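Take a look at the structure below.
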Amino acid sequence: MQDMTQMSTTEQFLFYIQENGWYVFNQFLDHFLISIYGVLLAALIGIPLGVLISKYGKLSNVVITLANIIQTIPALALMAILMLVLGLGKTTVIVTVFFYSLLPIIKNTYVGITTINKSVTDAGRGMGMTKIQVLYMVELPLSLSVIITGIRIALVVAIGITAIGAFIGAGGLGDIIIRGTNATDGTAIILAGALPTALMAILSDIILGIIERRLDPVKRQQKRISATV
Amino acid sequence: MRMLKIENLTKVYRGGKVAVDKLNLDIQEGEFIAFIGTSGSGKTTALRMLNRMVEPSSGKMTLNGKDLTKMNAVTLRRSIGYVIQQIGLMPHMTIRDNITLVPQLLKWSKEKKDETARRLIELVNLPQSYLDYYPAQLSGGQQQRIGVLRALAANQDIILMDEPFGALDPITRDTLQDLIKDIQQRLKKTIIFVTHDMDEAIKLADRIAIMHEGKLIQFDTPDNILAAPANDFVKEFIGSHRLIQQKPNVKTVDEVMIKPISITIEKSLDEAIRLMVEKRVDTLFVTDGDNRLQGYLDVESFTGARKTKKSVSECYEKEVFYVKTGSKLQDSVRRILKRNLKNIPVVDEEHRLVGLVTRANIVDIVYDTIWGDEEQEVSVEGQIGSEDLKELISG
């Protein structure tokens, strides 16, 4: 057995990963799923809500102010409040992530739809599209990339919040970080939790960024133009 | 005869602003109608009520007795073409999908849609390869051509146009005006057109509806409006320079046209050449058995073709520009100059060939008006003519 105290932080970190790789991987997966569930739930509610308030302008102020207020509550405080109702565990963290993801998703859906050139929707209506057809043939395809941006912001924030969720027993990479803070000389353990968290956030950001560009009709065309030249 | 009848059509906006006040109009099938007026005159509102983009407050619109205000608005819009100033092509759809947007809504088969797109894009002189492009890859003028095609794709009989060429540069606008007039006459569409440009209205419209503060002031042919403006507002609106222009007797093509040399479609090329030599002409107009204009045959079209082709029907040019009998000489001169044609055939209502206006004809007229008659009054027209003459010689 090696003498842990004689190793540098990097060596300790690598040793920890070597010994507990499977455990870290499982926590990584847990962490990711908690974030994804929260964001997907928020998208499921937030996108229709965003569409709705883009049609009824008066509602938009109320809904966006409400979502803004949720955003101002510190994550730990919100989680504590929800814990009183939902108890300890994953569910509470997923619900917290859901609340935090609502604002970027609702707001981006709203902005995506309201900034579409009015002449395009007017033309669609003039050609004889029903309201539903205008929505799914014109408005949603044209605002999809902006909506994805909202989901991307929400997911990055969600990964951070899930890390705090370890405090109420949700598991995830936050567990490893807390263990590190409790241990004497636990820097390596903290890193073993924190680095994968950061990696997850950066990767989600990059991947969703690529999807977003793919779905942007303007950028897609520029690509086509350069391809034909 | 199909007819669109508008009775007491009124739009009152919330807050009591009357945008359109008791509009009454009868529009015949195949007519080109222009709504004209200053901004705020209610012309756009009136147009948008016809496809119920704006719901009328009261009044009736009937198409062949069918009440449009009781129809389902979506069904109605699919049956009426609509072109807007901002063009409004779908940026995320290809040109093909944009053209066949209404057929798509009507659930046509893919083959039928593709065939329609291919057929239509030729109508506006754009290459087939453009069908796979996106709108952003086209210029403004090209985009509006597609905008016009979109309004034609589902065989709509009535097409509404809301200042369709307002955002285009003057040269592009002029080309598109010619194109739309040509399409309208060829496909026999009824077009209702909003503009604030009097020149555009005079050039295109069969009848002009002048609107002011929501009311219809005058509804008549351009000639009648120029000859007898209903009141001072109309007089001011059309501008004094146009009124003067109109005063001398307007010549029609019928007065100057000569007898064209034509050949029927089933004749052989040998006969065609012999006829050309005999009559000393370089162009023969090709007609069917009922003397209907089918195309033309000129020297260029059968140099080289003679060895392989034997009959007129195999090598005549189908694309031929023509004017209707009774149209103003001024207009045909413009067409000849703009298209750089040697001559332009005149046809009657049934598309039968009745005459021919050539460049030489026009020079004769211009000569007559300048030197043939020294009277002061006529010289006004003479000046206009001599401008044309200069262009004619240089062009």
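Of these, A:Thr149, A:Thr114, which one is surrounded by fewer than 18 Cβ atoms within 10 Å (Cβ to Cβ), modelled with pLDDT of 90 or more and more than 14 Å from every other protein chain (Cβ to nearest Cβ)? Lay out the reasoning, then the answer.
On the way: A:Thr149 fails: surrounded by fewer than 18 Cβ atoms within 10 Å (Cβ to Cβ).
Every option except A:Thr114 fails the conditions.
Would you say A:Val62 is of a type outside the set (Asp, Glu) and free of Cβ contacts under 8 Å to residues at least 40 places away in the same chain? Break it down into steps so the answer makes sense when it comes.
Values: of a type outside the set (Asp, Glu): yes; free of Cβ contacts under 8 Å to residues at least 40 places away in the same chain: yes.
Yes; evaluated as a whole, the condition is true for this residue.
Suppose the filter is surrounded by 24 or more Cβ atoms within 10 Å (Cβ to Cβ), within 18 Å of B:Tyr130 (Cα to Cα) and within 12 Å of another protein chain (Cβ to nearest Cβ); does B:Thr94 pass it?
No; evaluated as a whole, the condition is false for this residue.
If you scan region B:49-75, which residues turn out to be out of contact with any Leu (no Cβ under 8 Å at 6 or more places or on another chain) and either in a helix (DSSP H, G or I) or within 14 Å of chain A (Cβ to nearest Cβ) (or both)?
B:Met53, B:Val54, B:Glu55, B:Thr69, B:Lys70, B:Met71, B:Asn72, B:Ala73, B:Val74, B:Thr75
Report yes if A:Gly160 is away from chain B (no Cβ under 14 Å), over 13 Å from the mean Cα position of the chain (by Cα) and within 18 Å of A:Lys90 (Cβ to Cβ), otherwise no.
Numbers: away from chain B (no Cβ under 14 Å): yes; over 13 Å from the mean Cα position of the chain (by Cα): no; within 18 Å of A:Lys90 (Cβ to Cβ): yes.
For A:Gly160, the condition - away from chain B (no Cβ under 14 Å), over 13 Å from the mean Cα position of the chain (by Cα) and within 18 Å of A:Lys90 (Cβ to Cβ) - is not met.
Any residue at all in region A:202-212 that's surrounded by 19 or more Cβ atoms within 10 Å (Cβ to Cβ), of a type outside the set (A, V, I, L, M, F, W, C) and either modelled with pLDDT of 90 or more or more than 16 Å from the chain's Cα centre (by Cα) (or both)?
Within region A:202-212, one or more residues are surrounded by 19 or more Cβ atoms within 10 Å (Cβ to Cβ), of a type outside the set (A, V, I, L, M, F, W, C) and either modelled with pLDDT of 90 or more or more than 16 Å from the chain's Cα centre (by Cα) (or both).
Taking the condition within 14 Å of another protein chain (Cβ to nearest Cβ) and aliphatic (A, V, I, L, M), does B:Val102 pass? Explain how you work it out, then say what you get.
Values: within 14 Å of another protein chain (Cβ to nearest Cβ): yes; aliphatic (A, V, I, L, M): yes.
In short, yes.
Just to be sure before I move on: is B:Arg78 more than 8 Å from chain A (Cβ to nearest Cβ), of a type in the set (Lys, Arg) and within 23 Å of B:Leu120 (Cα to Cα) in the structure I sent? Give the derivation first.
Numbers: more than 8 Å from chain A (Cβ to nearest Cβ): no; of a type in the set (Lys, Arg): yes; within 23 Å of B:Leu120 (Cα to Cα): yes.
No, not satisfied.
With respect to the numbered conditions (1) in contact with a helix residue (DSSP H, G or I) (Cβ under 7 Å, 6 or more places away or on another chain); (2) closer than 21 Å to B:Leu226 by Cβ, which one is the sole condition not fulfilled by B:Asp199?
So the condition that B:Asp199 fails would be (1).
Can you find a residue in region A:22-37 that is more than 20 Å from A:Val156 (Cα to Cα) and part of a helix (DSSP H, G or I)?
Residues of region A:22-37 that are more than 20 Å from A:Val156 (Cα to Cα), as a first pass: A:22-23.
Next, from what is left, pick out any that are part of a helix (DSSP H, G or I): A:22-23.
Yes, region A:22-37 contains a residue that is more than 20 Å from A:Val156 (Cα to Cα) and part of a helix (DSSP H, G or I).
Name the single residue, out of those in region B:118-130 being farther than 27 Å from B:Leu47 by Cβ and part of a helix (DSSP H, G or I), that is farthest from the other protein chains (Cβ to nearest Cβ).
Here the answer is B:Glu122.
The values are calculated or read from the model by the stated rules, or taken from the named source; none is laboratory data. This one's a predicted model, so the numbers in the text were calculated from it and none came from an experiment. Virtual Cβ from ideal backbone geometry, glycine too; neighbours counted across all protein chains shown.
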